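Structure first, commentary second.
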Amino acid sequence: MELVQLLLGGIANGCIYGLIALGFVLIYKASEGVNFAQGDMMMLGAFVTLGFVNADRMDLPFLPGVALACLVMGCVGYGIDRFLVRGVFGQPQFAMVILTIALGFALRFVAGTIWGYSPLVLETPLAGVNLELAAGLAVSAADAATIVTTVVLTVLLWAFFARTRLGLAIQAASQNQLAAYYMGIPVKFVNSLVWALSGIVATVAGVLYAAKGAIDPNIGLLGIKAFAAAVIGGFGSLPGALAGGVIVGLIEATAQRYGPSGISQMAPYALMLLVLVFWPGGLFAQIRAKKV
Amino acid sequence: MTAMLEVLNLEAHYGAIMALRGVSLSVEEGRIVTILGANGAGKTTLMKTISGVMDPTKGQILFMGRHVEGRDPDAIVRMGLAHVPEGREVFPFLTVEENLRMGAFTRRDDIRADLDLVYDYFPVLRERRGQPAGTLSGGQQQMLAIGRGLMARPRLMLLDEPSLGLSPLLTQEIFAIIRRLNHEQKVTMLLVEQNAHVALQTADFGYVLELGRIVMAGSSERLMASEDIREFYLGQQGTGQRGQRRWKRRKTWR
């Protein structure tokens, strides 16, 4: 029973890593570069939500507030691509790396200036509620909401990518940008849309993270652990990103309980190294050679 | 007859390198027009500039009487110009049918009839409609690329080297279908080809592009009869008086 309890918590944490990793992968597929500001976008999403729903701020109802924050962060994501990332398009890879790292710092300072650097708590209806699943097995409402939201969001994203014309166009543009151009797919617009989508996913992750504790402008550093999750899952695979996140969450939880102290902070990165050595493409690689 | 596509004094650069040096040509409605040329002559650049993927530095392109130079490719596709790119360029992880749907991206109306049409021309694609396009053979991918172009329901189709990497038999098959599409679906074709033989057999009219300039234009019969074309593009060698030749002919383009 104790183990199940432990694993549930691990999965819930892992879902958050998975959602951030999903943002990494979405952008990697669209812009062919890593967005190192993904964790900071999550942080900003959490703070924007806090600004909308906390009683001492705008005091909106929780769900409409989250929806509004998603909208705002979607626009932020779109704007980042439209006005910043598109400018380094076609430049060497490191241009985007430097740009997004700098952007991460900028977002951290923006959040710090507006909301301050001391930890704040997002007021959610989930706080302090526990669900008793069985005797001796309880799960916090925040953890349950995290898992359910992640599953729902995954299904929605899957349906969007596999079933809608626009979703297919996004896939097409990521697989062969030039051909997408030839087909008359507006590739630049589609890429900006992916950034918007990843801003929304980051916001959801941020809200779920904030439901478990206090937030401050430095929680974006969680993005590094999510980056490890994306690498473990195989950069470029959406299901892989989520799976990688869950794996990291589980390993962290079990290492913390059964391993020597300090090992749980190290475990995700150790696993990333192992994966890179033995399965360089990641556990769920979707890379095949192009036929000529 | 009216010209469907008119290109006037087109110039294009890759950085400082001039790839097109004032190309003018016209494609009349219902025809198959071919552009011959060696590697690096500027054929693909010309196609990319027409379909809007590259911007020209000078010159005009008129498609159905409207200026399209420098416009975005989606606007040009919407006007009825489909580009089948060199090297097939299918979407490898999408299925055959999803690839075809992407060809119709700019259309908002019902595309089922067009899917059937494509499957009728290329029955093998119907068999493999649920398979990822990256797993098709080269010839099937070329068929998919042409079918994907058809899905835009184009008035004019730009075909860039449809024979690239195909066996001679498959090349004949693809070109037979190109002729049928031109005849039955009234799709005007602008065809770039290295295989001058099959291109001139298929086309009504041809241009020869060398180092970014049009050096010769004429009906396919005239081109096929030309000494220069015979020697430099069809690989037939005239013999001198002693049954062999020890000099290299000068190109005169007459």
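The values are calculated or read from the model by the stated rules, or taken from the named source; none is laboratory data. What you see is a predicted model, and the numbers here were worked out from it, not measured in a lab. Here the Cβ positions follow ideal geometry from the backbone for every residue, glycine too, while neighbour counts run over all protein chains shown.
The combined condition, being within 11 Å of chain A (Cβ to nearest Cβ), under 25 Å from B:Q172 (Cα atoms) and crowded, with 18+ Cβ neighbours inside 10 Å, is fulfilled by B:M47. Consider the stretch B:130-165 and keep the residues that are among the hydrophobic types (A, V, I, L, M, F, W, C) and at the interface with another protein chain (Cβ under 10 Å from one of its Cβ atoms). The one that is surrounded by the fewest Cβ atoms within 10 Å (Cβ to Cβ) is B:L164.
The residues of the stretch B:67-86 that are within 13 Å of B:T49 (Cβ to Cβ) and β-branched (V, I, T), listed by number, are B:V68, B:I76.
Within the stretch A:113-135, identify whether any single residue is within 16 Å of A:A210 (Cα to Cα), of a type in the set (S, T, N, Q) and assigned to a loop (DSSP other than H, G, I, E, B), and answer yes or no. Yes - at least one qualifying residue is present in the stretch A:113-135. Output yes when any residue across the stretch B:184-192 is among the acidic types (D, E) and more than 14 Å from every other protein chain (Cβ to nearest Cβ), and no when none is. Yes.
Say whether the condition of being modelled with pLDDT of 90 or more, of a type in the set (V, I, T) and surrounded by fewer than 19 Cβ atoms within 10 Å (Cβ to Cβ) is met by at least one residue in the stretch B:73-94. Checked against the condition, which is being modelled with pLDDT of 90 or more, of a type in the set (V, I, T) and surrounded by fewer than 19 Cβ atoms within 10 Å (Cβ to Cβ), the stretch B:73-94 yields no hits at all. Residues in the stretch B:80-109 that are touching a residue at least 40 places away in the same chain (Cβ under 8 Å), farther than 16 Å from A:Y181 by Cβ and more than 8 Å from chain A (Cβ to nearest Cβ): 4 in all. Within the stretch A:20-72, the set of residues being in a helix (DSSP H, G or I) and among the acidic types (D, E) comprises A:D40 only. Would you check which residues across the stretch B:25-34 are among the small types (G, A, S) and either within 25 Å of B:L234 (Cβ to Cβ) or part of a helix (DSSP H, G or I) (or both) and list them? Correct list: B:S26 only. Condition check for B:A75 on (1) among the hydrophobic types (A, V, I, L, M, F, W, C); (2) within 12 Å of chain A (Cβ to nearest Cβ); (3) under 18 Å from the mean Cα position of the chain (by Cα): one failure, at (3).
For the stretch B:7-30, taking the residues that are among the hydroxyl-bearing types (S, T, Y) and out of contact with any helix residue (DSSP H, G or I) (no Cβ under 9 Å at 6 or more places or on another chain), the one that is surrounded by the fewest Cβ atoms within 10 Å (Cβ to Cβ) is identified as B:S24. Pick from the stretch A:136-154 the residues that are assigned to a helix (DSSP H, G or I) and either surrounded by fewer than 16 Cβ atoms within 10 Å (Cβ to Cβ) or polar (S, T, N, Q) (or both): which of them is modelled with the lowest pLDDT? Filtering the stretch A:136-154 for residues that are assigned to a helix (DSSP H, G or I) and either surrounded by fewer than 16 Cβ atoms within 10 Å (Cβ to Cβ) or polar (S, T, N, Q) (or both), the one modelled with the lowest pLDDT comes out as A:T154. Within the stretch A:196-211, is there a residue that is buried (at least 24 other Cβ atoms within 10 Å of the Cβ), more than 14 Å from chain B (Cβ to nearest Cβ), under 20 Å from A:V88 (Cβ atoms) and not charged (D, E, K, R)? Yes, the stretch A:196-211 contains a residue that is buried (at least 24 other Cβ atoms within 10 Å of the Cβ), more than 14 Å from chain B (Cβ to nearest Cβ), under 20 Å from A:V88 (Cβ atoms) and not charged (D, E, K, R).
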